[in-house]
Amino acid sequence: MTTLFETSGYPQTRRHQLTVEGLNAYYGQSHVLQGVSLNVQAGEVVALLGRNGAGKTTTFRSIAGLINKVQGTVRLGDYDLLRKNTHAIARVGVAYVPSGRRSFGLMTVRENLLIALDGNRNKKKSVDALDGVFEVFPALKHRLKTRASVLSGGENQMLKMACAFLLEPSVLLLDEPTEGLAPIVISELLEHVRALASTGVGILLAEQNAHFAFQLSRRAYVLNKGVVQMSGTISELRADEELVTHLGI
């Protein structure tokens, strides 16, 4: 299968490692993340596992600059991301694909895609990039004039993924990317995420679909109540019967 990153001439990205050390995050007086440390190397897919409420989304939001009360270290290469605004973090190459409906709902699909292209650090191949997106997610091509707010859950997820791909990030944070997608689209998405990693993009993936996460990832971190309970290779974690029972996988 031809991937988006072959059809669009997707560039080999600058190779920067994402490093998180001793990350603490708070919602009001609630201490949600407690000393979380992890790293994602260039071209690597790393899974962030844990039950609902374990702190996966809070980890992503902290990295992306969406939580004000944070402590610790978050770096992309040598660049300090902590307490930078979200726009600045995106500009240096960190793209966040949140779970749920997070597109610009009052704007059309076309307008959402054009905003992503405007944020691209390499705008020369914009037409080819859009053509590549429509090869991966053909449903979007037929919904260009539709407001994002009236898309189905699956279509909205496709739009968010397409916008993230168009940004050509150094690091991609994927929070539940298969949510609402049909099995055939999930299968295609797996190949496109794998191809994206092959260009040098580091990917941190939180996913309830364990089969999808295990197929893509080489390593994983397991969060439990805001603490990294365990880390290791996927093979090591799958061999831990107590962990498998805890995660329900």
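Return a yes/no flag: does the stretch 61-73 have any residue that is assigned to a loop (DSSP other than H, G, I, E, B) and of a type in the set (S, T, N, Q).
So far as the stretch 61-73 goes, yes, one or more of its residues are assigned to a loop (DSSP other than H, G, I, E, B) and of a type in the set (S, T, N, Q).
Does residue 133 meet the test of being surrounded by 23 or more Cβ atoms within 10 Å (Cβ to Cβ), out of contact with any Ser or Thr (no Cβ under 7 Å at 6 or more places or on another chain), within 30 Å of residue 16 (Cα to Cα) and modelled with pLDDT under 85?
Here the answer is yes, as residue 133 does meet what is asked.
Report the residue count in the stretch 202-234 for those that are farther than 20 Å from residue 41 by Cβ and either at pLDDT 90 or above or not small (Gly, Ala, Ser) (or both).
Here the count works out to 9.
Specify the residue that is modelled with the highest pLDDT; the eligible residues are those in the stretch 165-196 that are of a type in the set (Asp, Glu), out of contact with any Phe, Trp or Tyr (no Cβ under 9 Å at 6 or more places or on another chain) and closer than 15 Å to residue 215 by Cα.
Across the stretch 165-196, the extreme among qualifying residues is 176.
When you check residue 177 against the structure, is it crowded, with 22+ Cβ neighbours inside 10 Å and under 14 Å from residue 44 (Cα atoms), yes or no?
No, not satisfied.
State whether the residues of the stretch 94-109 include one that is part of a helix (DSSP H, G or I) and at pLDDT below 90.
Taking the stretch 94-109 and keeping what is part of a helix (DSSP H, G or I), we get 109.
Next, from what is left, pick out any that are at pLDDT below 90: none.
No.
From the set of residues in the stretch 146-174 that are surrounded by fewer than 16 Cβ atoms within 10 Å (Cβ to Cβ) and not in a helix (DSSP H, G or I), which is nearest to the chain's Cα centre (by Cα)?
Looking only at the stretch 146-174, we keep the residues that are surrounded by fewer than 16 Cβ atoms within 10 Å (Cβ to Cβ), and these are 146, 149-150, 152-153.
From the residues that got through so far, the ones that are not in a helix (DSSP H, G or I) too are 146, 152.
Numbers: 146: 24, 152: 20 Å.
Only one residue tops the list, namely 152.
Out of the residues in the stretch 175-197 meeting the condition of being assigned to a helix (DSSP H, G or I) and under 12 Å from the mean Cα position of the chain (by Cα), tell me which one is nearest to residue 159 (Cα to Cα).
193
Going by the conditions given, is residue 164 small (Gly, Ala, Ser) and closer than 24 Å to residue 128 by Cβ?
So residue 164 fits the description; yes.
The values are calculated or read from the model by the stated rules, or taken from the named source; none is laboratory data. Model, not experiment: these values are computed from the prediction. With ideal geometry, Cβ positions are generated from the backbone for all residues, glycine too; neighbour counts draw on all protein chains shown.
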